[in-house]
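Participant: After the structure tokens below, expect a handful of questions from me.
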Amino acid sequence: MARVGARSRMVATGDDHRVTPAELFFDLVFVYAITQVTALLAEDPTLLQLLGGTVVIALLWWCWCCFAWLGNVIRADTGALLGVLVVVLGAVLADGITVPEVYADTEGGVNAPLVFVVCYAILRVLHLASYWIAHPDDAALRATLRRTALTSVAPPFIVLLIGCAFDGATQILIWLLAVVLDYVAIFLVGGSGWRVASPAHFAERHGLILIIALGESIMAVG
């Protein structure tokens, strides 16, 4: 039982930590969701739809950033976080599938905007919960997590849900408001408690996501 417990706990990283295969696979699924914006724009290549695509990318990018920070302080290929990533990958995949219909849901089947918003909320909640579990003795971080949940997660989620009741320009503008609330709120919350355990891993992770995103975007446009 002790051995099982040791394997299931969150494992902290060191200053020599590098990007793991689990994180690379995680990034590939995220990039799939991002490149689905190409299909969204192809349906209606207008300035309004371009704004809508930017909103979707902003939401997806924010989720990726959350788990890039998390993977810098907790190993993504070991312990409980690996199980969290499996759930996260499912949510990201569902988001990617719904992106082409997120502003113009077709009749029949599931409600694409609602699925997108619910999966987005799952990603944000799992990110905060993982941080909370991994740092039981960090009072400053836990205070920041509470403020983040109350200001940068809950209010934007409510606004996104309201936007699901509309479509077209109205939905895009409401979701844009949610993005602004989210980004401004996290700025106001501040950086108390957040840490970068390995600067090399942090830089490498961002470099790899750009390479993968650019390559997949070229393929999608082609």
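The values are calculated or read from the model by the stated rules, or taken from the named source; none is laboratory data. Being a predicted model, the structure only gives us computed values, none of them experimental. All Cβ positions, glycine included, derive from the backbone under ideal geometry; neighbour counts span all protein chains shown. Just so you know, the surface numbers come from the protein's heavy atoms only, side chains and all, with ligands and any DNA or RNA stripped out. Shrake-Rupley method; radii C 1.70, N 1.55, O 1.52, S 1.80 Å.
Participant: Could you quote the convex hull projected area for segment 44-93, Cα atoms only and averaged over all directions, in nm²? Let's see the in-between values first.
Facilitator: Working: hull surface 16.2 nm².
Averaged projected area of segment 44-93's Cα convex hull equals 4.1 nm².
Participant: Oh, and also: Can you tell me which of 86-99, 207-220 comes out highest on packing, and rank the rest after it, using the mean Cβ neighbours within 10 Å? Walk me through the numbers before you get to the answer.
Facilitator: Working: 86-99: 19.4, 207-220: 14.1.
For the peptides 86-99, 207-220, the packing ranking is 86-99, 207-220.
Participant: For segment 1-111, restrict the atom set to alpha-carbon positions and state the Rg and Dmax in Å.
Facilitator: Cα only, segment 1-111: 17.3, 59 Å (Rg, Dmax).
Participant: Here is a follow-up. To test your reading of the geometry: what angle, between 0 and 90 degrees and rounded to tens, separates the Cα axis of helix 112-134 from the longest principal axis of the chain?
Facilitator: The angle comes out at about 10 degrees.
Participant: Hey, what's the chain come to in accessible area per residue, 1.4 Å probe, Å²? Let's see the in-between values first.
Facilitator: Numbers: 10830 Å² over 222 residues.
Ligands and nucleic acids excluded, the figure is 49 Å² per residue.
Participant: Just from its helices, what would the mean residue ellipticity at 222 nm be for the chain, if runs of 4 or more DSSP H residues each count -39500 (n - 2.57) and the sum is divided by every residue, rounded to the nearest 500 deg cm²/dmol?
Facilitator: -25000 deg cm²/dmol
Participant: To the nearest 10 degrees, how steep is helix 139-148 against the longest Cα principal axis of the chain, on a 0 to 90 scale?
Facilitator: 10
Participant: Dipole magnitude of the chain about its Cα centre, charges +1 at Lys/Arg Cβ and -1 at Asp/Glu Cβ only, in debye to the nearest 20? Working shown, then result.
Facilitator: Details: 11 positive and 17 negative charges, 200 e Å.
So the magnitude is around 960 debye.
Participant: Let me ask another. When the accessible area of the chain is computed with all protein chains present and a 1.4 Å probe, what percentage of it is carbon and sulfur?
Facilitator: Numbers: 7780 of 10830 Å².
Carbon and sulfur atoms account for 72 percent of the accessible area of the chain.
Participant: In the P(r) worked out for segment 100-222, what percent of Cα pairs fall beyond 20 Å?
Facilitator: On the way: 4493 of 7503 pairs.
Everything past 20 Å amounts to 60 percent.
Participant: I've got another one for you. Kindly provide log₁₀ I(q)/I(0) values, in the same order as q = 0.24, 0.28, 0.32, 0.33 Å⁻¹, from the Debye equation applied to equal alpha-carbon scatterers of segment 26-67.
Facilitator: Debye curve over Cα of segment 26-67, log10 I(q)/I(0) at q = 0.24, 0.28, 0.32, 0.33 Å⁻¹: -0.77, -0.93, -1.07, -1.10.
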